[in-house]
Structures are given as C-alpha cells and as structure tokens.
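K.L.:
Take this structure first; my questions come after.
The values are calculated or read from the model by the stated rules, or taken from the named source; none is laboratory data. Predicted model only: the values in this text are computed from it and were never measured. Here Cβ is always computed from backbone atoms with ideal geometry, including for glycine, and neighbour counts include all displayed protein chains. Remember, those area values only see protein heavy atoms, side chains included, never the ligands or the DNA or RNA. Shrake-Rupley method; radii C 1.70, N 1.55, O 1.52, S 1.80 Å.
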Amino acid sequence: MNRTAKTRLLFLVLLLLPALAAAQGAVLLREEFLDLSHWRPVTFPKIKEHTQYSIEDLGRETVLRTESHASASAIVYQSPYSVYDYPRLRWKWKVANVYEKGNARTKAGDDYPLRVYVLFEYDPEKAGILEKAKHELGKRIFGEDLPLHTLVYIWANREDEKGTITNAYTSDAKMIVLQRGKKNLDRWIVEERNVLEDYRMTFGSDPPATTTLGIMNDSDNTKEASVSYVGFIEVYK
C-alpha cells in the first residue's frame, strides 16, 4: 500500500471513529427524522408566531428543517429516558445564518438559530420548598409540568460568546456554547457530549434520573429570521 492510499485510509478511519464509538455502546435511540411522530410541539404563552418544523428529503437522507420568522416554539421528544443509563448524546446540525441582534447575556438577544435541549424531569419528592413553589407557578402559566433544570447546547450568534452561560430568563437553564458566529455556517457539524458530566459541571450536583430532549429555533426577541437543520440525534451509553 503506497503512502497516498495509507493517508486516505487513515483519514477514513478518523472520520468514522465517532460513529464506531457510538456503535460499540448500547444505543437507546437514533432519530433520523423520517417523520415527526416521536416529537410533540411546545408553544409558549403570549407568543403567537410559531417556528416551523418539517422534514426535508435530501436524497440520501432526511433531516429536520427549522424555520423561524420573529417566532418561537419547540419540539420535544415524547419518550423520557435515564441519563444515568444513557449519558451520551450525539447529533449533526447545520445553520444557514445567525441573528445580528442575538446576545446570549440579555433577554432582548436571547434567540438562537438552533439549540438542543436536555430537559431534566421535576421530582417532587426531592424538591425543596422554593423549587416546589416555582414548579407550581410554572405549571399554572404553561399548563404542563416543567423541567427542574435544563442543559442547552447552543449555536451562539456572537464570536465572543463561549463556555457556559446562564440563561438570561432563568438560572435553571445553563447554556453550553458549542458553535458560535459565522465561521461554520452552512456546514454540517457533528457534536458529541456526555450529558451527565456536563450537568455536574454546570449545576454542581447530580441530575434527576429522568430526562428527555428538545430542539428549538427562535427569533421572537430579535424579530429576525433563520433556517437551520438537524441531520440526526442519538442517545447511547
């Protein structure tokens, strides 16, 4: 085998390593977006314009397409799972544009062309008095049980946004910046995270056992527009 062939083989192996690593562990779910039957829509009080989530056929694969026009809504996976049994998360995403007025540290700029949520279920037996009061208030406002804490993996708008940022609206949501600005626009990027480690790092404690996933593209604060995509999302050991 000549040097060129060896180089190509090495490149192929490196390219396939993430998929091989995931295959070696037990995969709980792999959503390839043939349809949206496993997801439910989530809307918010006082926000009339909703983001559009649809399936787009690219020939060799189907992907989730999200389109936002001064709008906000999300989709949430309908089957909760144990983050202790399946702590790893892997997905592929692509963003066409970021928001010029986006700013992760302000309420007015709290919009993102794409964010992947990990929603940790509220457990009344372990909740303190303040947590119970906040949960009951949220349930009255939103009409459903809200998560106790949320990890949010974001495609940030600004180049200077990095690391972990507490959401401008609630300290119960910690945002981890994975991509930022315009550098990787229109490119498919594969992300891999250990959710259990990320929760302990950001919240300083062990998470509730039960969790589920959410996806959102929103622009209700900035009044801008964007299109973004998720190619697949996978949960595994």
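K.L.:
Starting from residues that are touching a Gly at 6+ places or on another chain (Cβ under 8 Å) and among the aliphatic types (A, V, I, L, M), keep the ones in segment 65-106 and report whichever is farthest from Arg187 (Cα to Cα).
P.N.:
Restricting to residues being touching a Gly at 6+ places or on another chain (Cβ under 8 Å) and among the aliphatic types (A, V, I, L, M), the top hit is Val76.
K.L.:
While we're here: Of all residues in segment 23-46, which are touching a residue at least 40 places away in the same chain (Cβ under 8 Å), open to solvent by 70 Å² or more (accessible area, probe 1.4 Å) and outside any strand (DSSP E or B)?
P.N.:
Listed by number, the residues that qualify are Glu32, His38.
K.L.:
Out of (1) in contact with a Pro (Cβ under 6 Å, 6 or more places away or on another chain); (2) hydroxyl-bearing (Ser, Thr, Tyr); (3) closer than 20 Å to Glu121 by Cβ, what's the single condition that is false for Ser226?
P.N.:
Single failed check for Ser226: (3).
K.L.:
Among the residues of segment 164-207, what is the count of those that are assigned to a loop (DSSP other than H, G, I, E, B), touching a helix residue (DSSP H, G or I) at 6+ places or on another chain (Cβ under 9 Å), open to solvent by less than 70 Å² (accessible area, probe 1.4 Å) and not polar (S, T, N, Q)?
P.N.:
Count: 2.
K.L.:
With the requirement that a residue be farther than 16 Å from Ile233 by Cβ and either crowded, with 20+ Cβ neighbours inside 10 Å or not basic (Lys, Arg) (or both), what does segment 59-75 give you?
P.N.:
Residues satisfying the conditions are Gly59, Glu67, Ser68, His69, Ala70, Ser71, Ala72, Ser73.
K.L.:
Which members of segment 47-103 meet the condition of being in a strand (DSSP E or B) and of a type in the set (A, V, I, L, M, F, W, C)?
P.N.:
Ile55, Val63, Leu64, Ala74, Ile75, Val76, Leu89, Trp91, Trp93, Val95
K.L.:
When segment 76-110 is examined, which residues are found to be touching an Asp or Glu at 6+ places or on another chain (Cβ under 7 Å) and surrounded by fewer than 19 Cβ atoms within 10 Å (Cβ to Cβ)?
P.N.:
Within segment 76-110, Pro80, Ala96, Glu100, Lys101 qualify.
K.L.:
Can you pull out every residue in segment 145-163 that is touching a helix residue (DSSP H, G or I) at 6+ places or on another chain (Cβ under 9 Å) and outside any strand (DSSP E or B)?
P.N.:
Hits for segment 145-163 are Asp145, Leu146, Leu148.
K.L.:
While we're here: Of everything in segment 218-237, what is over 17 Å from Arg187 (Cα atoms) and of a type in the set (Val, Ile, Thr)? Give them in sequence order.
P.N.:
Thr222, Val235
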